[in-house]
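Below is one structure, written out as structure tokens; comments come after it.
The values are calculated or read from the model by the stated rules, or taken from the named source; none is laboratory data. Note that the structure is predicted; figures quoted are calculated from it, not measured. Heads up, the Cβs are rebuilt from the backbone with ideal geometry, glycines too, and the neighbour counts pull from every protein chain shown. What goes into the accessible areas is simple: the full protein's heavy atoms, side chains included, and nothing from ligands, DNA or RNA. Shrake-Rupley method; radii C 1.70, N 1.55, O 1.52, S 1.80 Å.
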Amino acid sequence: MIKQLSICNYALIDRVELILNDGLTILTGETGAGKSVMMGAISLLMGERADSKVLANREGKAVIEGVFDSVATNLKDIFDSNDLDWNDGQIIVRREIAANGRSRAFINDTPVTLPLLTEVAGGLVDIHSQHSNRLLSKPEYQLSVIDSIADNADLLADYKKDFARFVGLRNKIKKLRDSMERSRENRELRAFQLEQLSKINPKKGELEEVEKDYDILSDADDLRSRINQAAYFISTADNSALMMIGDAGAGIDGIDFSLFEGPSDSSQPGIMERLRNVYIELKDIGDSLSRIASGIESDPVRLAKADERLKVLYEAVKRFKVADYDALVDLYASLKRENDGGSEKVEELNALESEARRLGDVLKDKAEKISISRASAAKRFEETLTANARPLGLKNLRFSVDISKGKLTPEGKDTVEFLCAFNKNQPLMPLSQTASGGEMARLTLCIKAITANKLKLPTVIFDEIDTGVSGDIADRMGSMMADIAEGMQVFAITHLPQVAVKGRSHLLVYKHDEGDRTVSHVKVLDSGERIKEIARMLSGKEINEAALSNAKALLEG
């Protein structure tokens, strides 16, 4: 319920601070006093678009704030998913409108988007006016009415969860089919490329190896000669490096070199050890050169094969328009994977389609259960609505709920249409084609009375839905609103005294001139003030004793 409402610098209102009660609260005032301004402010809290023209003082900003208490816990999921603070079911909603037209929305002091505010507000307040009575003629609203009577919330939640999975499966199937279709369109090109690359059979690192072999084979004689010559000078020549180092070592063997050097460092090798190490290293180099030279053979056949293979690989890189040889190898691997993966895609598609068929059968069964529930609820609704509406001046009302079945949708497989006849000689027709504004308003009120305990809404606002009625019918409509208010907070904006006397609380909207401005105010009426307001509604501006007496009688009644 709306526990507190604050309106500042909005249209004709400078500042209004209200503490509101549960039950039925009546809102009255003369035409133009500012009742529509109050509704506009509340609509802003519900997510309506803002306009800077509503600012009373262009130098400040308009601020509308509502404190909502006893909020249904089903909103907690929205709060959790949007990282909003959940303060034990109390929600503070604020809208701010600047002079430049910029609007900001807050929930529990956290900035939010208008779509999120609208989503949250949908679980806080339900506003019904003559304008919004047209909602009653919409098939989706009519379906929601039947579902509320049938208590289908759990069935629908379970069905919608499976339906969402079903839609996800269908999307995956479509995406996979599209991919396979694109693959089929390109299969000839890919098959040709794969065939050509299979003949070449490029392997990772092969080009580098072939290039190395070619470099050796193409210059084998020169390489072998030069390497053998180096080995000869190191190892086997008459004055080879090894022989000369050996002679040098023999010549200085036995000399104490510590006599010529400073204090010795035991970690450093001496002259003779260093000569021995040089000898050993040179011998190893000579042996290695000899071994390498012995392995180099002139082979024209191998050279021709290496040359041919290089030409094939170089030409393939150009022909397949890849950046380098490694990219050619990657292309070959990719084409092989795609070719091998064709059967895997078929298997995946078959599995997805099988699961979709299974889930489709589950959805059909669940949709049928929902349909049966709706059909039963529709019969009960027809009887209850007719019984409630006839005393409101619709004595010849005939009402029927037509349920037709079609394909599966997020709401099941049913389409609902309310059919009415308001006169004896009139055939049943769709509600949108036969009901007047007054008739639609009364039907809306009856539906709210029937579904009030199932709405899980803490607050309902009726904005002059009693326009066009009077007398006993107005009294019955007021009683119906009071009955609804037994289970929730209800506001009724009305010009009818028969409705106004049914309220537990009474707010008066009035305006007066303050200097060069006209300002609207809202006042909570006490019992004496309420009698005067009811009398004014009965007799107009001139309140006489008869009107006061009649007002007292209505209130006491």
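Things to note:
- Residue within segment 505-520 that is open to solvent by 20 Å² or more (accessible area, probe 1.4 Å), without any contact (Cβ under 8 Å) to a residue 12 or more places away in the chain and not in a strand (DSSP E or B) present: yes
- Only one of the numbered conditions (1) touching a Ser or Thr at 6+ places or on another chain (Cβ under 7 Å); (2) touching a residue at least 24 places away in the same chain (Cβ under 8 Å); (3) open to solvent by 10 Å² or more (accessible area, probe 1.4 Å); (4) assigned to a strand (DSSP E or B) is violated by GLU17, and that is (2).
- Near pairs, Cβ below 7 angstrom, 6+ apart or cross-chain, from segment 74-101 (in a helix (DSSP H, G or I)) to any residue that is open to solvent by 40 Å² or more (accessible area, probe 1.4 Å): ASN74/LYS456; LYS76/TRP86; ILE78/GLU119; PHE79/TRP86
- All positions within segment 252-276 that are open to solvent by 80 Å² or more (accessible area, probe 1.4 Å), modelled with pLDDT of 80 or more and in a helix (DSSP H, G or I): GLU273, ARG274, ARG276
- Residue match in segment 64-75 (condition: modelled with pLDDT of 90 or more, surrounded by 19 or more Cβ atoms within 10 Å (Cβ to Cβ), among the aliphatic types (A, V, I, L, M) and within 16 Å of ILE107 (Cβ to Cβ)): yes
- Where a residue in segment 285-300 is under 9 Å from ILE227 (Cα atoms) and its partner, wherever it lies, is assigned to a helix (DSSP H, G or I), with Cβ under 6 Å and at least six apart: LEU289/ILE227; LEU289/ALA230; LEU289/ALA231; SER290/ALA231; ILE292/ILE227; ALA293/ARG224; ALA293/ILE227; ALA293/ASN228
- Unique residue being in contact with a helix residue (DSSP H, G or I) (Cβ under 7 Å, 6 or more places away or on another chain), surrounded by 12 or more Cβ atoms within 10 Å (Cβ to Cβ), touching a residue at least 24 places away in the same chain (Cβ under 8 Å) and closer than 30 Å to LEU313 by Cα when the list is ARG190, ARG165, ARG170: ARG190
- Condition check for LEU116: farther than 30 Å from LYS523 by Cα, in a helix (DSSP H, G or I) and either among the hydrophobic types (A, V, I, L, M, F, W, C) or modelled with pLDDT of 85 or more (or both): yes
- Per-region count, segment 20-45, residues in a loop (DSSP other than H, G, I, E, B), open to solvent by less than 30 Å² (accessible area, probe 1.4 Å) and either more than 17 Å from LYS511 (Cα to Cα) or aliphatic (A, V, I, L, M) (or both): 3
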